[in-house]
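The values are calculated or read from the model by the stated rules, or taken from the named source; none is laboratory data. Since the model is a prediction, treat every value here as computed from it, not as a measurement. Counting neighbours? That spans all protein chains shown, and the Cβs are built from the backbone with ideal geometry, glycine included. Note: accessible area is taken over every heavy atom of the protein model, side chains too, but ligands, DNA and RNA are not part of it. Shrake-Rupley method; radii C 1.70, N 1.55, O 1.52, S 1.80 Å.
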Amino acid sequence: MGNENAEQFNELAGLYEDMAEWPFRKDIEIPTVLQTIGDVEGLSVLDFGCGTGMYSRWLKQRGAAKVVGYDPTVGMLNYARRRAEKEGLDISFVSELKPGLRGQFDLVLAVYVLPYASTAAELQAMCNEMVGLLRPGGRLVTLPIHPSYDPHANYYEAYGFRLIADDPEDPFADGGGVTLELCMSGQQGKVAAWYWSASSLERAMDEAGIKSLEWRELVAPAYPTIEQAPESLHAYLQKPHSNIIVGIRGR
Ligand SMILES: C[S@@+](CC[C@H](N)C(=O)[O-])C[C@H]1O[C@@H](n2cnc3c(N)ncnc32)[C@H](O)[C@@H]1O
């Protein structure tokens with residue numbers, strides 16, 4: 001599989017690291033992902049498309065025995081390595097998946113990576129890679145573009161980004177292009193992504209060897225209901241731009 005879509009991330013490490021503090025990530029995505037993952041004490045974990053390594057660091061700090069961060073983008077990996085070293089965290093960051101890593105992991109986490117598969121073949125290859133890293137019975141936790149995201153280009157603007165379908169007349173076209181524009185407090189970045197329907201994602205996961213698949217919504221775990229969350233989060237919680245697939249590798 002080509003990793004040419006990863007190249008667009010080379011200059012975005014600083015911006016992505018800042019994004020961890022943006023409310024939709026800090027109050028919604030990150031706590032929901034960590035809650036979904038649960039206890040990682042003693043686990044062997046691979047952070048697939050780790051970017052600046054934010055989740056890799058969290059996993060190590062929460063007691064994972066072994067953490068490997070994989071990302072084909074050198075700019076992201078350099079940042080991830082420097083930061084983990086500075087924090088004294090023993091994480092191995094790799095830019096390619098050597099065959100020896102196959103079948104080694106209890107958990108593979110892949111946050112916002114599936115949207116960078118630009119064809120059905122690439123989507124399948126990416127799912128095969130993610131699932132192939134798991135031991136039988138191991139768990140995949142991954143975040144695609146939400147199959148029912150809000151297709152109005154400005155809907156997520158208050159959260160720091162715009163999602164603009166290449167074909168506004170058909171924003172849910174399977175495999176259709178979507179441009180992600182980052183627009184928080186003067187920071188700018190533009191990334192090409194692709195929308196995949198729930199059935200395409202499920203088919204690719206099934207083909208890759210996932211046997212039990214569940215979808216989970218992003219919520220604000222600190223608040224029992226949307227109404228109790230700060231009003232500024234309501235629109236995102238009503239139509240999150242992403243959700244979570246949890247799958248178990250079959251034997
Ligand atoms: C939106 S960033 C997310 C980074 C990180 N997972 C996070 O949550 O902060 C997407 C990452 O996926 C990586 N990526 C893009 N295409 C990829 C591919 N084919 N295989 C693995 N990673 C890829 C990019 O280099 C980029 O770092």
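Here is a check on your reading of the model: is L34 among the hydrophobic types (A, V, I, L, M, F, W, C) and free of Cβ contacts under 8 Å to residues at least 60 places away in the same chain?
It is true that L34 is among the hydrophobic types (A, V, I, L, M, F, W, C) and free of Cβ contacts under 8 Å to residues at least 60 places away in the same chain.
Determine if the stretch 153-164 includes at least one residue that is of a type in the set (D, E, K, R), crowded, with 17+ Cβ neighbours inside 10 Å, in a strand (DSSP E or B) and within 16 Å of the ligand (Cβ to nearest atom).
Yes, because at least one residue in the stretch 153-164 is of a type in the set (D, E, K, R), crowded, with 17+ Cβ neighbours inside 10 Å, in a strand (DSSP E or B) and within 16 Å of the ligand (Cβ to nearest atom).
Among residues belonging to the stretch 64-76 that are of a type in the set (A, V, I, L, M, F, W, C) and either at pLDDT 95 or above or open to solvent by 30 Å² or more (accessible area, probe 1.4 Å) (or both), point out the one that is farthest from A13 (Cα to Cα).
If we take residues in the stretch 64-76 being of a type in the set (A, V, I, L, M, F, W, C) and either at pLDDT 95 or above or open to solvent by 30 Å² or more (accessible area, probe 1.4 Å) (or both), then A65 is farthest from A13 (Cα to Cα).
Which residues, counting only those in the stretch 109-135, are touching a strand residue (DSSP E or B) at 6+ places or on another chain (Cβ under 9 Å), farther than 20 Å from R25 by Cβ and not hydroxyl-bearing (S, T, Y)?
A117, E122, L123, M126, C127, E129, M130, V131, G132, L133, L134, R135
Output the residue which, of all residues in the stretch 84-98 that are within 16 Å of N10 (Cα to Cα) and in contact with a Gly (Cβ under 8 Å, 6 or more places away or on another chain), is most open to solvent (accessible area, probe 1.4 Å).
Here the answer is V94.
Please specify each residue of the stretch 105-116 satisfying the condition of being away from the ligand (no atom under 12 Å from the Cβ) and open to solvent by 20 Å² or more (accessible area, probe 1.4 Å).
Within the stretch 105-116, just D106 meets the criteria.
Condition first: within 12 Å of the ligand (Cβ to nearest atom) and part of a helix (DSSP H, G or I). Can you find one or more residues in the stretch 67-75 that meet it?
yes
In the stretch 27-49, how many residues are assigned to a helix (DSSP H, G or I) and not hydroxyl-bearing (S, T, Y)?
The total comes to 9.
Could you identify the single residue in A13, A64 that is farther than 18 Å from Y159 by Cα, out of contact with any strand residue (DSSP E or B) (no Cβ under 8 Å at 6 or more places or on another chain) and of a type in the set (A, V, I, L, M, F, W, C)?
A13 is the lone residue from the list that is farther than 18 Å from Y159 by Cα, out of contact with any strand residue (DSSP E or B) (no Cβ under 8 Å at 6 or more places or on another chain) and of a type in the set (A, V, I, L, M, F, W, C).
Residues are listed down the side, and each one gets a yes or a no for (1) open to solvent by 10 Å² or more (accessible area, probe 1.4 Å); (2) near the ligand (Cβ under 8 Å from one of its atoms):
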| residue | (1), (2) |
| --- | --- |
| D39 | yes, no |
| L43 | yes, no |
| S56 | no, no |
| R62 | yes, no |
| S118 | yes, no |
| E129 | yes, yes |
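Quick check on the stretch 79-89. Is at least one of its residues under 15 Å from the mean Cα position of the chain (by Cα), farther than 28 Å from G176 by Cβ, within 15 Å of the ligand (Cβ to nearest atom) and of a type in the set (A, V, I, L, M)?
Among the residues of the stretch 79-89, not one is under 15 Å from the mean Cα position of the chain (by Cα), farther than 28 Å from G176 by Cβ, within 15 Å of the ligand (Cβ to nearest atom) and of a type in the set (A, V, I, L, M), which makes the answer no.
Could you list, in sequence order, the residues of the stretch 77-119 that are acidic (D, E) and closer than 30 Å to G175 by Cβ?
E96
For the list (1) within 10 Å of the ligand (Cβ to nearest atom); (2) loosely packed, with under 15 Cβ neighbours inside 10 Å, I need the number of the one condition that Y16 fails.
Unmet for Y16, out of (1) within 10 Å of the ligand (Cβ to nearest atom); (2) loosely packed, with under 15 Cβ neighbours inside 10 Å: (2).
Quickly run through the stretch 100-145 and pick out the residues that are assigned to a helix (DSSP H, G or I), touching a Ser or Thr at 6+ places or on another chain (Cβ under 8 Å) and over 23 Å from D166 (Cβ atoms).
M130, the sole residue that qualifies.
Pull out all pairs, ordered by first then second residue, where Cβ-Cβ is under 6 Å, the residues are six or more apart or on different chains, the first lies in the stretch 76-104 and is at positive phi, and the second is open to solvent by 30 Å² or more (accessible area, probe 1.4 Å).
Qualifying pairs under 6 Å: G103/R135.
I'm trying to understand the selection: among the residues of the stretch 42-86, which are among the acidic types (D, E) and over 23 Å from G132 (Cα atoms)?
Residue satisfying the conditions is E85 alone.
Can you report the number of residues in the stretch 5-21 which are aliphatic (A, V, I, L, M) and under 9 Å from M76 (Cα atoms)?
Of the residues in the stretch 5-21, 2 are aliphatic (A, V, I, L, M) and under 9 Å from M76 (Cα atoms).
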